[in-house]
Amino acid sequence: MKQRKVLDLRRWYCISRPQYKTSCGISSLVSCWNYLYSTCGSGSLPPITQEEALHILGFRQPFEEIRFGPFTGNATLMRWFRQLNEHFHMRGCSYVLYKPHGKNRTAGETAEGALLKLTQGLKGESMAFIYHCQNHYFCPIGFEATPLKASKAFRGKLPLEEMEFWILIGEPSKKHPAIHCKKWTDIVTDLNTQNPEYLDIRHPEKGIQYRKTKKVGGNLHCIIAFQKLNWQKLSTWMMNIGNFRCEPRSKVLECKASNSATGLERVLNDHRDPSMNDKNKSEGFQQASEWNHISSPYEYRDCGSPESETDKESIE
């Protein structure tokens, strides 16, 4: 049962809510960073506020008047994550976990493989996620694998075809519920639509809608992963990512995605304590260890400019 219903409350505690107008990107990033590195989450540093993060990144008051939307893109958030880590001498990486279409798409990744990585990451303590949806960024914080039949509500092990996955998502905007619960199939639909079509995951009841744009094809929506690292002891499954490049001292770590249904079943049926398992994997990680600056430790594959990433899509 614990493997099918996963919610680390510390992820919820770290959600930076309320956000400033159009600051959902940096607010979500602060939420992820605090979970990975602060005492509000699984780290040892004092938590940082949106204001502190913005100051570190070079922004100045009044933050209410900053129009974040035009320059906040997927690559922007990953660059800001790197800058925060460099400021606090922390180690980490970021990459696009699942983006079926458009620039920097995760070629070869399947919805099933992405679900495996997302659920496994949410069960541990070294991963945090941001979901870029229609005009908004927010943070997946948990999931439930719901049996399709009422008679199996309290069953233990169940095959994948007898369950439906729901993703719990922390919301930085005070205009919406604190936690959303969305079907994974709806999220997949959102990520697989292409311009001018789109699905607003916060209002899936509206169905497929159409943007007023001349552009045809492509989709900015995606799921971005953030991970705290120990170069001496990288988590094993993290090495199986496809859209990630990290170059510590000129060595490139690149592996293809693993999209096995067997892997997802193993995640759900692993009855070990996930927190203990993650602590064992990250043993020896030193939060305050010396940080040797590397020229491009978090290089993002084929990264374009932040402006091109936003593509005139306003951010709430």
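What accessible surface, in Å², does a 1.4 Å probe find on TRP12, ignoring ligands, DNA and RNA and rounding to the nearest 10? Roll a 1.4 Å probe over it and TRP12 shows about 110 Å².
Distance from the C-alpha centroid of segment 42-97 to that of segment 184-227: 25 Å, rounded to the whole angstrom. Here the label points at GLU161 and GLN209, each 7 Å from Cα along the C-beta direction, are separated by 3.7 nm in the simple model. Within the accessible area of segment 1-97, the carbon and sulfur atoms contribute 55%, probe 1.4 Å, all protein chains present. With a cut-off of 9 Å between beta carbons, the residues surrounding LEU199 carry a summed charge of -3, where Lys and Arg count +1 and Asp and Glu -1.
How do 53-62, 18-27 rank on mean C-beta neighbours within 10 Å, highest first?
On the way: 53-62: 13.4, 18-27: 22.6.
Packing proxy ranking, top to bottom: 18-27, 53-62.
In this view, the solvent-accessible surface of HIS89, computed with a 1.4 Å probe and all protein chains in place, comes to about 100 Å².
For segment 89-165, what number results from the quotient of the Cα radius of gyration and 2.2 N^0.38 Å? Each step should come with its number before you reach the end.
Values: Rg = 15.4 Å, N = 77, 2.2 N^0.38 = 11.5 Å.
Dividing the Cα radius of gyration by 2.2 N^0.38 Å gives 1.34.
The values are calculated or read from the model by the stated rules, or taken from the named source; none is laboratory data. Because the structure is predicted, anything quoted here is derived from the model rather than measured. When we count neighbours, we look across all protein chains shown, and the Cβ atoms used for this are built from the backbone with ideal geometry, even at glycine. Surface areas here come from the heavy atoms of the whole protein model, side chains and all, with no ligands, DNA or RNA. Shrake-Rupley method; radii C 1.70, N 1.55, O 1.52, S 1.80 Å.
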